[in-house]
Amino acid sequence: MRLTTRACHHFYPEYRSTGLRSPRHPLVNAPQTLTEVSGPSGCWSALMGQAEVDLTSQHGSAPHGQRIRISGRVLDDSGRPVPNTIVEIWQANAAGRYIHRNDNWDAPLDPNFTGAGRVITDDQGWYSFTTIRPGAYPWGNHHNAWRPAHIHLSLLGPAFATRLVTQIYFPDDPLIEIDPIANAVPMPYRNRLICRFDIDTTIANWALGYRFDIVLKGAMQTPFEGTANG
């Protein structure tokens, strides 16, 4: 599937926190300077350390939950691969609980799952990481509000100022239809946020495979009009 870019400046009433995040005055165009869009691409490993591609092997024992493998390509608007760009991921555990100290939901923590990793695309723009499928969790946006299973994803591009942050959802999740964050992206673009099951990526007797290609900009991105940040 193709990842969408989503505007960070729009108000979406059903997603309550956008009332605080969206500006009340017209936007001012501030072109990025050369130093903001150049570097440190090419030295991510030296700057941030080696890639952490397997979130199931970071501790002494295996975490609870269904092992999954997500892979795909990062492409530009012309379909060309985007090599050597860092992809960060973070997520809840199989019970829907984050390791973050402010997550006080009554669900168990997993001592063998931190829920964070990063990969670097190869020369053809390919990336892959292994993790567990996250659980749904309540989030207080409205009565009986539950977030669908999702993985947060961040691409840094050539520099920190070009960062893109979004989420990966899973197919056949009924919570997507009633989730204000997912629904802030209109159809049919919302479907680009959903990975697809991929038997060729599935590792026999070990982990289910999913495919999620990422198109950063251009004709295949989601238009800014009518969208909100999630």
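The values are calculated or read from the model by the stated rules, or taken from the named source; none is laboratory data. In this text the structure is predicted, and so the values were computed from the model without any measurement. So basically every Cβ, Gly included, is an ideal-geometry build from the backbone, and we count neighbours across all protein chains shown.
The set of residues in the range 127-166 that are surrounded by fewer than 19 Cβ atoms within 10 Å (Cβ to Cβ) and in contact with a helix residue (DSSP H, G or I) (Cβ under 7 Å, 6 or more places away or on another chain) comprises 136, 141, 146, 158, 159, 161, 162.
Listed by first and then second residue, the pairs linking a residue in the range 165-180 that is in contact (Cβ under 8 Å) with a residue 60 or more places away in the chain and of a type in the set (Ser, Thr, Tyr) to a residue that is surrounded by 14 or more Cβ atoms within 10 Å (Cβ to Cβ) and part of a loop (DSSP other than H, G, I, E, B), with Cβ atoms under 9 Å apart and 6 or more places separating them unless they lie on different chains, are 166/3; 166/4; 166/5; 166/6; 166/230.
For the structure I just gave you, tell me whether residue 168 is over 22 Å from residue 98 (Cβ atoms), touching a strand residue (DSSP E or B) at 6+ places or on another chain (Cβ under 7 Å) and assigned to a strand (DSSP E or B). Criteria not met by residue 168.
Keeping to the range 38-52, report how many residues are out of contact with any Pro (no Cβ under 6 Å at 6 or more places or on another chain) and either surrounded by 14 or more Cβ atoms within 10 Å (Cβ to Cβ) or modelled with pLDDT of 80 or more (or both). Write out each step before concluding.
Step one: filter the range 38-52 for residues out of contact with any Pro (no Cβ under 6 Å at 6 or more places or on another chain), giving 38-40, 42-46, 48-52.
Filter once more, so that each one left must be either surrounded by 14 or more Cβ atoms within 10 Å (Cβ to Cβ) or modelled with pLDDT of 80 or more (or both): 40, 44, 48, 51-52.
Residues meeting the conditions: 5.
Scanning the range 200-222 for residues that are surrounded by 14 or more Cβ atoms within 10 Å (Cβ to Cβ), at pLDDT below 95 and either in a loop (DSSP other than H, G, I, E, B) or aromatic (Phe, Trp, Tyr) (or both) yields 201, 216, 220, 221, 222.
The range 67-164 holds strands (runs of 3 or more DSSP E) entirely within its bounds, and those carrying 3 or more residues that are touching a residue at least 60 places away in the same chain (Cβ under 8 Å) and farther than 28 Å from residue 12 by Cβ map to 67-75, 116-120, 126-132.
Looking only at residues that are surrounded by fewer than 16 Cβ atoms within 10 Å (Cβ to Cβ) and in a helix (DSSP H, G or I) in the range 176-199, which one is modelled with the lowest pLDDT?
Here is the first cut: in the range 176-199, the residues surrounded by fewer than 16 Cβ atoms within 10 Å (Cβ to Cβ) are 177-178, 186-188, 191, 196-197, 199.
Now narrow it down to the ones that are in a helix (DSSP H, G or I): 177-178, 191.
Values: 177: 94, 178: 94, 191: 91.
Among those that are surrounded by fewer than 16 Cβ atoms within 10 Å (Cβ to Cβ) and in a helix (DSSP H, G or I), it is 191.
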